[in-house]
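S.K.: Take this structure first; my questions come after.
The values are calculated or read from the model by the stated rules, or taken from the named source; none is laboratory data. This is a predicted model, so every value here is computed, not measured. Every residue, glycine among them, receives a Cβ derived from its backbone with ideal geometry; neighbour counts consider all protein chains shown. Side chains are part of the model used for accessible areas, which takes the heavy atoms of the whole protein and leaves out ligands, DNA and RNA. Shrake-Rupley method; radii C 1.70, N 1.55, O 1.52, S 1.80 Å.
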Amino acid sequence: MSDPQQELIERSRATTLTSWTSQKAWDPLTMVRAEGVYFWDANGKRWLDWSSQLINLNLGHGHPRVVKAIQEQAARFCYAYPKIATEPRARLGELLREIASGDLAVSFFTTGGADAVENAMKMARLYSGRQKVITRYRSYHGATFGAMTAGGDPRRLANEPGVPWIVRFHGPYSYRSPLYRDRSPEEGDQVVADLLEQTVLYEGPENIAAILLEGYSGSSGILQGGETFWRRVQEICDRYDILLIVDEVMSGFGRTGEWFGIDHYPFVKPDLMAMAKGLTSGYVPMGAVMVTQQIADHFQDHTLWAGLTYSSHPLACATAIACIEAYRDEGLIDNARDMGKVLRKGLMDLAERHPCVGEVRGTGLHQVIELVKDRASREPMSGFNQPLSEPMQAVARTLREQGLSTFVRWNWVFCAPPLVVDESQIQEGLRMLDQALAAADAYVES
Ligand SMILES: Cc1ncc(COP(=O)(O)O)c(C=O)c1O
């Protein structure tokens, strides 16, 4: 008897390659239909999407307003080359200016997150006339060479060396970093920021174009510094005249319960911001760099040495407009905040009952659980940059059996459902997580 799921997988495997894995180890789900926070595989099984696909499908699947906008723009015209002025382009620029953080005012449109980061770094270097960009270990900014080097995640290692002008510092990680040992998170943040300032001084402030940070840390483990850290970052940028690039590719568009992750720290004034993912909720590929009026003005008289065939793509711009209007008109940023509280409470309850939970981190619908073998020693359930351990495989397997689709990376389980999620769907996901954590409890050593 033919198995439609297996057939689809085999055809995909035969003629296409997939990312971040040896091809043999690729063990994909399938999707043939999707609606809201659910999708159905080729065997008819329903999955709860607990990761908004790649933490980008903020509106869930099949949002009618976005589908309609895509259809209408496709019928009008799909493409105009990047030097042509179009209504979707102008309108999206206006909308982004309305919702932007701080003094950000003018947008350059890209095709995704990595090239948004690339272009933000290019603009910072062209504007400042300086070379270096400072970033943190345990961050991710994309997989093109510049963005990859900027990232401090081990996904970069196999393709090194990358570009020569990135310098990394050790960023916040209050649960594990030695910089926080015997210190409160605030004291640790202070030490981290002091070391960042030392790095600036050792590298020569006059050579540093920008500091690049995720507005709210994402796939590297939601390792977020607090107010103390961000106040000092802003101070350091001001003191040495260094630009601040905030990467909101993952944390933007409501994920953390604010329009942008950095909005949790209203005293921070980014000079440039990279965005993508939630900008179009993944419906079509798109990214953007926003800059202050001052930086945009510089490029009135200086060439912007940057370009992409698909910059300001009309279909993508029309999609982004519909997404932003949906977030705004349907109160989805507030929903992310409210449902984030429900999710957080549920995760904390699970943490109380399951000894394998070391820490729950995050805000809004942007949470991660860190699993440990032993709460006292904090020994991770699976090692940093190691193949998934047997206990974490058991977690992943249990989630899959029950139909919860999310990322299990090292000793972390990500919890990031779409912003349209409701309370009963959160409880549904928590019940499945409960089972998976029970599987990991069996491996707790004390
Ligand atoms: C913070 C951040 N920046 C940049 C990127 C790269 O985006 P893309 O995969 O669209 O190139 C990602 C992707 O996960 C991300 O999380």
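S.K.: How many nm separate the modelled label positions at GLU87 and VAL163, each set 7 Å beyond the Cα in the direction of the Cβ?
M.R.: 3.7 nm
S.K.: Under unit Cβ charges (Lys, Arg +1; Asp, Glu -1), what dipole magnitude, rounded to 20 debye, does the chain have relative to its Cα centre?
M.R.: 780 debye
S.K.: Related question: By accessible area of protein heavy atoms, probe 1.4 Å, what ranking do THR363, THR256 get, highest first?
M.R.: Ranking THR363, THR256 by accessible area, largest first, yields THR363, THR256.
S.K.: Accessible area per residue of the chain at 1.4 Å probe, in Å²?
M.R.: Per-residue value: 43 Å².
S.K.: Work from the charge dipole of the chain (Cβ charges, +1 for Lys and Arg, -1 for Asp and Glu, about the Cα centre) and give the residue of GLY146, THR363, LEU8 farthest towards its positive end.
M.R.: LEU8
S.K.: When only the heavy atoms of the protein chains count and the probe is 1.4 Å, how do THR406, THR111 rank by accessible area, highest first?
M.R.: THR111, THR406
S.K.: Let me ask you something else. When a/c reaches 1.5 or more, the comparison of a/b and b/c decides; with that in mind, is the stretch 64-329 rounded, prolate or oblate per its Cα gyration tensor? Could the numbers behind the result be given before it?
M.R.: Working: a/c = 1.90, a/b = 1.58, b/c = 1.20.
Taking the square roots of the gyration eigenvalues as a ≥ b ≥ c, the stretch 64-329 is prolate.
S.K.: In the chain, carbon and sulfur make up what percent of the accessible area (probe 1.4 Å)?
M.R.: Of the solvent-accessible surface of the chain, carbon and sulfur hold 51 percent.
S.K.: Between LEU195 and GLN131, how high is the FRET efficiency from 1/(1 + (r/R0)^6) when r is the Cβ-Cβ distance and R₀ = 25 Å? Nearest 0.05.
M.R.: Computed FRET efficiency for LEU195 and GLN131 comes out at 0.75.
S.K.: Follow-up question, since we're still on this one. Assuming a ≥ b ≥ c are the square roots of the Cα gyration tensor eigenvalues, decide whether the chain counts as rounded (a/c under 1.5), prolate (otherwise, with a/b larger than b/c) or oblate.
M.R.: oblate
S.K.: For the peptides 383-395, 261-273, what is the packing order when you average, over each peptide's residues, the other Cβ atoms within 10 Å and list the highest mean first?
M.R.: Highest mean packing first, the order is 261-273, 383-395.
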